[in-house]
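S.K.: The structure under discussion is supplied below as structure tokens; questions concerning it will follow.
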Amino acid sequence: MSSSRFRRGPTFRRNRFGHRPGAPGLSTSPVVSQAPRAASPPLDAKTLAASPFAALGLAEPLVRAVLDEGYAHPSPVQVEVVPKVLAGRDVLVCAQTGTGKTAGFVLPILQHLAQEGEARANQSAPTRRHVRALILAPTRELAAQITQRVSAYGQFLNLRHAVVYGGVSQRSQEVALRAMPDLVVATPGRLLDLMQQRLVDLHAVGHFVLDEADRMLDMGFVHDVRRVCAALPPRRQTLLFSATISPAIQGLAARMLVDPARIAIAPAVTTAQTVQQSVVFVARADKPALLERVLREGSVERALVFTRTKHGANRLSERLDRAGFLSAAIHSNKTQSARERALESFRRGTTKVLVATDVAARGTHVDNVSLVVNFDLPNVAESYVHRIGRTGRAGALGRAISFCDQDERALLRDVERFIRRRLTIGTSTPEGGASEFGAVEHSLVNCGS
Ligand code: AMP
């Protein structure tokens, strides 16, 4: 990733993936009818016009929104994609999460919608509102994230959007769709359900985005995607984003896109070459015992252990304490001062093992650790890179071991796709002898990229 990719404006105070308190975020309701927010005073017209985002062709309310988000420069994917989408082209983009791809498609689509809205308002006869843009995402987490970005980037525009995904009641989504959103973010299954019940009408969709298309295919959604596509007008703009461009994706692109601009963006983040990475396949129940062995036999100075939940972090830390390791847990349920104390004793070396959740670890200055253990694999592949970035700093050798239960195989695949390498496989039997752990060590030493 180029260093300029995510340079923030000077007043930016959030971490890269966080949202400022008070900034428009994910609505708990699936419909978001956004009244345009009053412009924040410090950004005058000159500043807006001089922004590199304006140079991409973005209109003032969108430039204002991204500057308000603290973005100083467009990322490479935005530089490539935004002008092409504004020009009405179809695009096939190879880009991963973390590159800023969401803004790459959301910003120009919002601009199209706003301009079409203006044109409509200038017509004498009033017209009905219709869904004019559809963004399809493979998971509800991703759909929710995209919706959050739509809220943020569209905060100074008078557009409505809605999100529909499965696993929750359909009622509120029906209400959202009746409110005639301009843009809908959806997962394929729930969208098809709603289409079959004639609760959503896609005949006026002029802009269609398929995000994380490779994941969509991996998850077996290819038929759903085709059925959604078949319900869209043939004359439309289509944007296909995928972390990898396999023959299957090429096939999908050939069917869906018309003369697309092809854009490939390098991954946003890469793992340090100085971190020896491995994965151990282990049953969930055996993970604590394996961790104890790793800590005992790996001559670990300072280990950072990641769990998915706060509860899990507490339980694990208690177990490690009982087993004689000096450990502490940090997560968002702990008071700030308790967290600070735990961090301080970890820095001093009194505590050897810090058990943390991603949220708690973010924004804390815990690095230079000798070992990172992903006790649970992260739900978001990019978190893997942030986690293991705590070790192997400044040329020092670091180690990262991921414990992968059967249920976490898909998460492992996501991580490996994200970092574009396979992790070396270590041993899986916690009660095995030292030689087996020796095998893990061996694999660690030999897993340079
Ligand atoms: P994405 O790859 O779309 O998931 O974006 C990853 C993160 O980068 C999100 O938290 C965005 O808010 C942030 N982001 C997107 N574009 C920029 C930019 N130009 N400058 C700084 N951060 C950005």
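The values are calculated or read from the model by the stated rules, or taken from the named source; none is laboratory data. Only a predicted model underlies this, so the values are computations on that prediction, with no experimental measurement involved. Cβ placement follows ideal geometry from the backbone for every residue including glycine, while neighbour counts extend to all protein chains displayed.
S.K.: Can you pull out the residues in segment 304-348 that are of a type in the set (Gly, Ala, Ser) and not in a helix (DSSP H, G or I)?
M.R.: Residues satisfying the conditions are Ala323, Gly324, Ser327, Ala328, Ala329, Ser332.
S.K.: In the set Ala55, Ala95, which member is closer than 23 Å to Ala264 by Cα, crowded, with 22+ Cβ neighbours inside 10 Å and either under 21 Å from the mean Cα position of the chain (by Cα) or at pLDDT 60 or above (or both)?
M.R.: Values: Ala55 fails: crowded, with 22+ Cβ neighbours inside 10 Å.
Just one listed residue meets the conditions, Ala95.
S.K.: Can you name the number of the only condition in (1) in a helix (DSSP H, G or I); (2) of a type in the set (Lys, Arg); (3) assigned by TED's automatic domain parsing to the domain that holds Ile146 that Arg293 fails?
M.R.: Answer for Arg293: the failing condition is (3).
S.K.: Still on this structure: Looking at the structure I just gave you, is Thr102 modelled with pLDDT of 90 or more, buried (at least 22 other Cβ atoms within 10 Å of the Cβ), among the polar types (S, T, N, Q) and within 11 Å of the ligand (Cβ to nearest atom)? Break it down stepwise before answering.
M.R.: Working: modelled with pLDDT of 90 or more: yes; buried (at least 22 other Cβ atoms within 10 Å of the Cβ): yes; among the polar types (S, T, N, Q): yes; within 11 Å of the ligand (Cβ to nearest atom): yes.
Yes.
S.K.: I've got another one for you. Residues Ala179, Ala114, Ala152: which one is within 16 Å of the ligand (Cβ to nearest atom) and either of a type in the set (A, V, I, L, M) or in the same structural domain as Phe418 (by TED's automatic domain parsing) (or both)?
M.R.: Result: Ala152 is the single residue among Ala179, Ala114, Ala152 that is within 16 Å of the ligand (Cβ to nearest atom) and either of a type in the set (A, V, I, L, M) or in the same structural domain as Phe418 (by TED's automatic domain parsing) (or both).
S.K.: Before we move on, is Leu107 modelled with pLDDT of 95 or more, assigned by TED's automatic domain parsing to the domain that holds Pro188, over 20 Å from Ser383 (Cα atoms) and more than 11 Å from the ligand (Cβ to nearest atom)? Explain how you work it out, then say what you get.
M.R.: Working: modelled with pLDDT of 95 or more: yes; assigned by TED's automatic domain parsing to the domain that holds Pro188: yes; over 20 Å from Ser383 (Cα atoms): yes; more than 11 Å from the ligand (Cβ to nearest atom): no.
No, not satisfied.
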